[in-house]
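Just below is one structure, and these are the notes that go with it.
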Amino acid sequence: MPNKRIYLCLAHMSEAGLEQKYIKEAFDTNWVVPLGPNVNGFEADLEQFVGENKRVVALCSGTAAVHLALIACGVGPGDEVIVQSFTFCASSHPITYLGAIPVFVDSEKDSWNMDPDLMEEAIKGRIAKTGKKPKAIVPVALYGMPYNIDRIMEIAAKYDIPVVEDAAEGFGSRWREQVLGTFGVYGILSFNGNKMITTSGGGALVCPDAQAWQKIMWLATQAREAYPYYQHEAIGYNYRLSNICAGIGRGQMTVVDDHIRHHKHVQKFYEETFADVPGITVHGNPDDRFDSNFWLCTILLDEQLRVKGQESAYSTAVQGAVGGAAGVVHGGGTLHTDCEPNANVEAMRVWLDQKGIEARPLWKPMHKQPVYKNAPAYVNGVSESLFKVGMCLPSGPMVTDEDLTYIVESIKEAVMR
Ligand SMILES: *Cc1c(COP(=O)(O)O)cnc(C)c1O
C-alpha cells in the first residue's frame, strides 16, 4: 500500500512552475486586482483553445458563468429552464437564484447525458402546461462525456430556445472534433481545484460574439455605466476572476493538453484491465462522435456483484462532507435516503477508502434531491439507476500507472467469489 492517499483529481502544476512566475509578475507589477495582464492573457489562451471565433470572459467560478449565461438568455422570475438532472448542483442552482424554475430532464443510456427525445417531450409538456416556452436549455458534459449536441441543437432550433452548454467538467472534450462549449449560445467552463485545469477557483463564459462578450463583462463588473462617478442603471455582479488566479490559469494552459492526454490514458488503463472482470463495466465513449476528456473515469458495479462488507454498508454515518459523503444525507441522524447507491457500491467505497483510495458515488440526480422536490421533472429512470450502481475512480494527473495497478488490484480484492 502506497504511503499516500490517491485522490480523484488533484491539482497539478506545470513542471516549469509557470503558474508561480505569472503570479510573481502580478505582485511585481502590483496587478493584485480582478483585472489585469494575467486575466487578459488567460482569456486570450482560452479563446485560442476553444476556437470557433468565440470570445471568453474569465469569471470567479463556473457557477457565476451559469448565472450570467442565464441572465443573458433573459431568464427571470417565474420562467422555466430545462436542465439535465444528472449533474452537479451548479448547473441548476443559478436558475433558482433568478427566481426561475428548473425543469429536470433525464439522461440517455449511452452518453449518460440529456436525452434529446425526453427534452423535446419536456418542451412540449411545458408549453402545454404553462403556455410558455422554457427560456433556455442546459445540457451537461457529465464527467467530461459529450452530450448529443447535434440532436439537442436541432430540437432547440425548432423551438427557438437558446442552449447553454455546461462544459464545466468537459473542458477540452469534443463532439465531432469540435470543442464543447462552442455549440450553444453560451458555454460554461470551470477551473475549480479539482477540474481538468485549475485557477484554485474560477470559471469562464464562452460567448458567441463581441456584443455578448461586452454585456457579460459589464454584468460581471457590477454593471457600471460610463460616467466619472458610479452610475447604475441595472443590477450587476462582482464575478470577475482575480489577476492572481488568472496567473495560475495561464500556467495551467501550458499543461492542459498533457492533462487531457493523461486522463485518457487512465481511462484506457481501466477499460483494458476491467475488460475481463465480470460485474464491472467502465463507462466509455459510445461511438466515435464522442471524444470525452475523461475528467473522471467511472465504473458500474452489477447489482449481483458481492463486495466485502456490503452487509454492514450504511450502518455508520459518514463523517464530514468531503469525498464519499456525496449522495448520503445523514442530517437528522438518518443513515439512508430514498435514493442511494446500492450496498455493494457503498461497501466498495469504504473498502477503497481504507486502502487510501478516494472513490465516490456518481452525482445524485437533481430530481431526487429534496431541495428540488417541487420542480417539474421528465424522467425515464436512467440517471436514477446509474446513480445506484456507479462510482468515480481516481483519474487525475497525479495518478501514476503504479497507482492504477494498485487501484484495480484493490477493487478485484474487494469482490467476493
Ligand atoms: C464544477 C461544475 C460547475 C461549476 O462549478 P464551480 O465550482 O463554481 O466552478 C458547473 N457545472 C458542473 C456540472 C460542474 O461539475
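We did not get these values from a lab; they are worked out from the coordinates using the rules stated. Everything numeric here is computed off the predicted structure, so don't read it as measured data. Reconstructed Cβ throughout: ideal geometry from the backbone, glycine too, with neighbour counts over all protein chains shown.
In terms of Cα to Cα distance under 18 Å, which aspartates and glutamates are near enough to K133, apart from those fewer than 8 places away along the same chain?
Leaving aside aspartates and glutamates fewer than 8 places away in the same chain, those within reach of K133 are D79, E80, D117, E120, E121, E154, D160.
Going from the alpha-carbon gyration tensor of the range 241-312, what semi-axes, largest first and in whole Å, does one get by taking the root of 5 times each eigenvalue?
Largest first, the range 241-312 gives 34, 17, 10 Å.
Name the aspartates and glutamates eligible as straight-distance cross-link partners of K368: C-alpha to C-alpha under 13 Å, and not fewer than 8 places from it in the same chain.
D106, D338, E340, E384
Given the peptides 6-19, 140-153, arrange them by the average over their residues of other C-beta atoms within 10 Å, most packed first.
Order by mean packing, descending: 140-153, 6-19.
Principal axis extents for the range 373-417, Cα atoms only, whole Å, descending order, please.
46, 33, 15
Can you give me the orientation-averaged projected area of the convex hull built on the Cα atoms of the chain, in nm²?
Result: 21.5 nm².
In Å, what is the Rg of the alpha-carbon atoms in the range 154-288, and how long is Dmax?
Here Rg and the maximum Cα pair distance are 19.4, 70 Å.
Note down the magnitude of the dipole of the range 84-135 about its Cα centre, charges +1 on Lys and Arg C-beta and -1 on Asp and Glu C-beta and zero elsewhere, to the nearest 20 debye.
So the dipole magnitude of the range 84-135 works out to roughly 440 debye.
Please identify the helices of the chain, taking whole runs of DSSP H, that span at least 18 Å along their own axis as judged from the Cα atoms and have a mean Kyte-Doolittle score of -1.0 or higher.
Helix filter hits for the chain: 37-50, 116-130, 401-414.
Between their Cα atoms, which of K268/K308; K135/K158; K268/K412; K268/K364 are more than 23 Å away from each other?
Listed pairs above 23 Å: K268/K308; K268/K364.
If packing is taken as the mean number of other Cβ atoms within 10 Å per residue, what is the order of 387-399, 257-269, highest first?
387-399, 257-269
With charges set only on the Cβ (+1 for Lys and Arg, -1 for Asp and Glu), what does the dipole of the chain come to about its Cα centre, in debye to the nearest 20?
With Lys and Arg at +1 and Asp and Glu at -1, about 880 debye.
Evaluate the range 259-416: find the radius of gyration of its Cα atoms, find its Kirkwood radius, and give the ratio Rg to Rh.
Checking Rg against Rh, the ratio lands at 0.96.
In the range 57-196, what is the volume of the convex hull around the alpha carbon atoms, normalised per residue and reported in Å³?
95 Å³
How big is the shadow of the Cα convex hull of the range 69-137, averaged over all directions, in nm²?
4.4 nm²
Arranged from highest to lowest average of other beta-carbon atoms within 10 Å per residue, in what order do the peptides 404-413, 359-368 appear?
The packing order, highest mean first, is 359-368, 404-413.
Helix-only mean residue ellipticity at 222 nm, the chain, DSSP H runs n ≥ 4 weighted -39,500 (n - 2.57), per residue, nearest 500. What is it?
For the chain, the value works out to -10500 deg cm²/dmol.
Taking N as the number of residues in the range 258-299, what value does Rg over Cα atoms divided by 2.2 N^0.38 Å take?
Normalised Cα radius of gyration, the range 258-299: 1.15.
In the P(r) worked out for the range 206-266, what percent of Cα pairs fall beyond 16 Å?
Of the Cα pairs, 65 percent sit more than 16 Å apart.
Ratio of the range 1-105's C-alpha Rg to 2.2 N^0.38 Å, to two decimals?
Rg over 2.2 N^0.38 Å, computed on Cα atoms: 1.45.
Tell me the net charge near C297. Cut-off is 13 Å between Cβ atoms, C297 excluded, with +1 for each Lys or Arg and -1 for each Asp or Glu.
Local net charge: -2.
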